[in-house]
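The values are calculated or read from the model by the stated rules, or taken from the named source; none is laboratory data. None of these values were measured; they are calculated from a predicted model. Here the Cβ is made from the backbone with ideal geometry for all residues, glycine too, and neighbour counts use every protein chain on show.
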Amino acid sequence: MTDSEQGIREIRINPIVPTESVLVATARSMRPRKAEEPAPRDTRRRVDTCPFCPGNEHMTPPTILALPDEAHWEVRIVENLYPVLGDDRETNTLVLGLQQAIDGYGRHEVIIDHNIHGIALHEMSVDHITLMLEAYRTRMAQLYEADDRLKYVLVFKNFGPAAGASIPHTHSQII
């Protein structure tokens, strides 16, 4: 992505309460809104247009981590196509009067929580949730080990378009 396609990716610090900050990522407004499309009638089947369904791996960036393995994945991690943060820039600080911002340095990845398209978290087996949590833990450890500039890693899950999910297939994100 070029700088203009990436838009603004920065952490803005509250000048009144400097312990408060907000992430600004203007390019995320360009992401497709597949979650607003009607769900297929049988959401337990593979969906040809869903980039997170097995067999559609070519529709996403390359796999970063897959459990139990890449050929038979149940949980899969890929780069986010519309990242809030990026590791392609330095952590420069910009100060304009009272306003202070830091370039949004970091990683932003998608964790495809399950290989079944329409499954919700409460429908997953304990064994699968354990595998999912293992993927979170493993990837967080890899990120901290690979880059000492990373100070905080967060895993979060949006469910449905009202929560900000742009793809209906169950997934989490790591930033």
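Exactly one residue out of I175, I129 is under 19 Å from G118 (Cα atoms) and among the hydrophobic types (A, V, I, L, M, F, W, C), and it is I129. Within the stretch 67-107, take every residue that is among the acidic types (D, E) and not in a loop (DSSP other than H, G, I, E, B) and give me the one that is nearest to G55 (Cα to Cα). Ranking the candidates gives E79 first. Within the stretch 53-71, one or more residues are among the small types (G, A, S) and closer than 18 Å to H171 by Cα. Going by the conditions given, is I167 crowded, with 17+ Cβ neighbours inside 10 Å and either of a type in the set (D, E) or modelled with pLDDT under 90 (or both)? So I167 passes the test.
Restricting the stretch 144-158 to residues that are surrounded by fewer than 10 Cβ atoms within 10 Å (Cβ to Cβ) and among the acidic types (D, E) leaves a set whose member that is modelled with the lowest pLDDT is D148. Across the stretch 83-133, the qualifying residues are those that are acidic (D, E) and modelled with pLDDT under 95, and the one among them that is nearest to G160 (Cα to Cα) is E123. For V22, the conditions (1) under 20 Å from Y82 (Cβ atoms); (2) surrounded by fewer than 12 Cβ atoms within 10 Å (Cβ to Cβ); (3) more than 16 Å from the chain's Cα centre (by Cα); (4) modelled with pLDDT under 70 all hold with the exception of (4). Taken together, the residues in the stretch 141-175 that are over 14 Å from the mean Cα position of the chain (by Cα), touching a residue at least 24 places away in the same chain (Cβ under 8 Å) and over 18 Å from I11 (Cβ atoms) amount to 3. Checking each residue in the stretch 138-165 for being part of a helix (DSSP H, G or I) and touching a strand residue (DSSP E or B) at 6+ places or on another chain (Cβ under 8 Å) picks out T138, R139, M140, Q142, L143. A count restricted to the stretch 25-76 and to residues that are aliphatic (A, V, I, L, M) and at pLDDT 75 or above stands at 8. Here the stretch 90-137 is the region considered, the condition is being under 16 Å from F156 (Cα atoms) and among the acidic types (D, E), and the residue that is surrounded by the fewest Cβ atoms within 10 Å (Cβ to Cβ) is E134.
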